[in-house]
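Written below as structure tokens is the structure these notes are about.
Please treat every number below as a calculation from the coordinates, not as lab data. Remember, it's a predicted structure, so these values are computed and weren't measured experimentally. All Cβ positions, even for glycine, are placed from backbone atoms using ideal geometry, and neighbour counts span all protein chains on display.
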Amino acid sequence: MLRLLIAVDGSEHARNAIDAAARLGREGEVEAVLVHIREGHTYHGDLTPRDYERIAEQALAQQSQVLEGALAHALKAGLARVETLGEEGTPDVDIPRIATLRAADMIVMGTRGLAAVSALLLGSTAQRVVHNATVPVLLVK
Ligand code: ATP
Ligand code: MG
């Protein structure tokens, strides 16, 4: 059994990563966790506690949407043993941390994400995850 941690952010690149993971093994031979990290941003200016609450609610709703989309995509791609995990934190720190915690054999992710500047070879999250990870990282172009 190959245990994969697939990092998703709702981008086409992350969907390509899911497809590549599905091709790694036949049904039943791959177990995958789809993980999304929502980043807590710092806001300046006059925000009321109610504003913060709304921002947090929106971020949670967005995370659910990303994970539900990724799950549907993964099942369609042929990954049968798949679960989702949403956390708050810093993607490049928490993706490698969760991979170790979940005893993943490999991290699978896109080379780029939602920012998708075509000139960019590698996004900053991808770059930092490779730096921080203690397991192999499959970067899907
Ligand atoms: P940047 O964010 O540096 O402006 P980018 O968005 O194009 O550039 P990355 O963020 O490095 O590129 O995205 C590369 C891959 O990292 C994505 O395809 C996805 O697999 C993963 N990823 C990015 N952000 C997250 C996140 N918040 N949670 C989980 N995985 C993520
Ligand atoms: Mg990004």
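State all residues of segment 97-110 that are within 19 Å of ILE18 (Cβ to Cβ), more than 11 Å from ligand 2 (Cβ to nearest atom) and either touching a Pro at 6+ places or on another chain (Cβ under 8 Å) or not basic (Lys, Arg) (or both); if no residue qualifies, say none.
Across segment 97-110, the qualifying residues are ILE98, ALA99, ALA104, ASP105, MET106, ILE107, VAL108.
Considering each residue of segment 90-99, count those that are over 12 Å from the mean Cα position of the chain (by Cα) and either more than 10 Å from ASN132 (Cβ to Cβ) or within 8 Å of ligand 1 (Cβ to nearest atom) (or both), and give that number.
Looking only at that region, the number is 0.
Testing VAL117 on (1) without any contact (Cβ under 8 Å) to a residue 12 or more places away in the chain; (2) closer than 18 Å to HIS36 by Cβ, one condition comes back false. Which one is that?
Evaluating VAL117 over (1) without any contact (Cβ under 8 Å) to a residue 12 or more places away in the chain; (2) closer than 18 Å to HIS36 by Cβ leaves (2) as the failure.
From the list GLY25, GLY89, GLY78, GLY69, pick out the single residue that is in contact (Cβ under 8 Å) with a residue 12 or more places away in the chain, more than 15 Å from ligand 2 (Cβ to nearest atom), more than 16 Å from ALA14 (Cβ to Cβ) and touching a helix residue (DSSP H, G or I) at 6+ places or on another chain (Cβ under 9 Å).
GLY78
So which residues in segment 113-132 are buried (at least 20 other Cβ atoms within 10 Å of the Cβ) and part of a loop (DSSP other than H, G, I, E, B)?
Answer for segment 113-132, where residues must be buried (at least 20 other Cβ atoms within 10 Å of the Cβ) and part of a loop (DSSP other than H, G, I, E, B): GLY113, GLY123.
Any idea which of GLU83, GLU87 is of a type in the set (D, E, K, R) and over 25 Å from ARG23 (Cα atoms)?
It is GLU87.
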